[in-house]
Structure formats: structure tokens, C-alpha cells
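S.K.: Quick one: the structure is below, questions incoming.
The values are calculated or read from the model by the stated rules, or taken from the named source; none is laboratory data. Given the structure is predicted, the values throughout are model-derived calculations rather than measurements. Glycine also receives a Cβ, built like all others from the backbone with ideal geometry; neighbour counts cover every protein chain displayed.
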Amino acid sequence: MRGTTEDTRRDRGAALCLPALAALVLPLLGAAAPAAPGSDETLSYDGVGDTVLRVDVHEEPRVATFSHNGSSNFAVWAVGSQGENQDLLVNTIGPYEGTVLYNDLVGEELAALDISADGAWEVALEPLDEADTWPEDDDEASGDGDDVLVLEWEPDGLTILDLSHSGDSNFAIWAYTDGDRDLIVNTIGPYEGQARLSAGSALLAITSEGDWTLTR
């Protein structure tokens, strides 16, 4: 399920608006490319079973929220315009609900989603300003499952996070700065520990199949 904080939806008037967020991630694409037409729109789809879903080709970083009600494997590949696999966005068993980041690396542009499922599924492709947030006034963020968090505060100097995870599968967090990203934790199963967050980090992409808590 999607992670939550006390205020999980972005305010379009907040300091970290879509252009600012895109500027933090787009350098990973090799250039600060302008947003594609309609990039502020949410693209929603639904279906049942295995599907190769064509979408309007776009290269700007976005978040994808998926749900699945089947009991077997649910996997989603991001596919490029040449038909190549770019990123395995989701790979799990049974019911699923979560949010992932895509188009975050150099040269990636989404043209299709290759979905393996045995049940009904839904997907929403949303601009970055629709991602969940970690508000400046909150020392803690928590959630359940895959999520993308935009930081409404800026790490400065040595920032240490206390991390906890209750799931039995992979727990990983990528922290994105202006032009770089760091894998600050990558483990299996329940976890308690600490990680450093680089100065300038603005976005966290969390992989989890259980409850997680981040404390600063």
C-alpha cells in the first residue's frame, strides 16, 4: 500500500512544485528537458490479466500507482519506444497496491507497460507533484509498501535517518539529489538501522512489502 504521512498529498502552491522536482531528477536523463505536453495530467488505465499497455511516449520522471487483486504473480516492466525492457517496476505475488518512480535514469522514456497478472489491475501515471510528501514539520514518515516521498525539508550537513521495516521481503530506499542518487539501504526482511542522507536529497523511492518508518 502507499506510504502515508500526516499530509500525504502535495500542495501545488508549496515550495517544491513540479518544475522544481523535475529539475532535481531530470539531470539523470542527461539534460533538463522541457516537460512534455500534458505532463501535468494523470493517465489512468485498468484491465484484467496479462497486457501490453501502450501509453503516450514521455520521458519526464513520473510516479506510477498500481493495484492488483489477483492471487498469483503481478509484475510490471516499463518498456521503451524500441520495445526494450527498461525497468522492472513491480514484481510481487498476490494483491498489491503501491507507488513507484519511473523514467528516472538517463535515456529512459516510457512507451508501454508490460503487465503480468492473474486478476484485475489499475494504474495511474501521475506527475511528480502528486507524489506523497514528508512535511517539514514532521520528524517521522511512515507507510506500508512501495512509495515515493518528496521531502519538503532539505537535508543539510550530516543527516541521519533511523529506519525500521517489518516486512519479509526486500526493503530498499533510493535517495535522489540534483543529478545523482544513493542507495541508502538494501536488505531483506525485518530491519532496524540507520542511514546517512546526502545534503540536497529531495526525493525518496521506497521498495517494501511491509510497514516502514523513517525518523530524522
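S.K.: Which condition does A111 not pass, out of (1) within 22 Å of D40 (Cα to Cα); (2) in contact with a Pro (Cβ under 7 Å, 6 or more places away or on another chain); (3) modelled with pLDDT of 95 or more, if it passes all the others?
M.R.: (2)
S.K.: Can you confirm whether the range 127-142 contains a residue that is under 13 Å from the mean Cα position of the chain (by Cα) and in a strand (DSSP E or B)?
M.R.: yes
S.K.: Within the group G143, G157, G107, G167, which residue is in the same structural domain as L197 (by TED's automatic domain parsing), exposed (fewer than 15 other Cβ atoms within 10 Å of the Cβ) and not acidic (D, E)?
M.R.: None of the other options fit; the residue is G157.
S.K.: So, of the residues in the range 52-85 that are part of a strand (DSSP E or B) and of a type in the set (S, T, N, Q), which turns out to be farthest from G107 (Cα to Cα)?
M.R.: N73
S.K.: Taking the range 158-216 only, how many residues are closer than 21 Å to F74 by Cβ, in contact (Cβ under 8 Å) with a residue 60 or more places away in the chain and among the hydrophobic types (A, V, I, L, M, F, W, C)?
M.R.: Here the count works out to 3.
S.K.: Condition first: within 15 Å of the chain's Cα centre (by Cα) and of a type in the set (K, R). Now tell me which residues in the range 52-85 satisfy that.
M.R.: Listed by number, the list holds a single entry, R62.
S.K.: Since E122 meets every condition but one in (1) buried (at least 22 other Cβ atoms within 10 Å of the Cβ); (2) closer than 17 Å to L89 by Cβ, which condition does it not meet?
M.R.: If we test E122 against (1) buried (at least 22 other Cβ atoms within 10 Å of the Cβ); (2) closer than 17 Å to L89 by Cβ, just (1) comes out false.
S.K.: Also: Select from the range 91-104 the residues that are assigned to a loop (DSSP other than H, G, I, E, B) and at pLDDT 95 or above and write down the one among them that is surrounded by the most Cβ atoms within 10 Å (Cβ to Cβ).
M.R.: N103
S.K.: Separate question: Could we say that L88 is within 15 Å of the chain's Cα centre (by Cα), crowded, with 18+ Cβ neighbours inside 10 Å and outside any loop (DSSP other than H, G, I, E, B) here?
M.R.: Against the criterion (within 15 Å of the chain's Cα centre (by Cα), crowded, with 18+ Cβ neighbours inside 10 Å and outside any loop (DSSP other than H, G, I, E, B)), L88 does not qualify.
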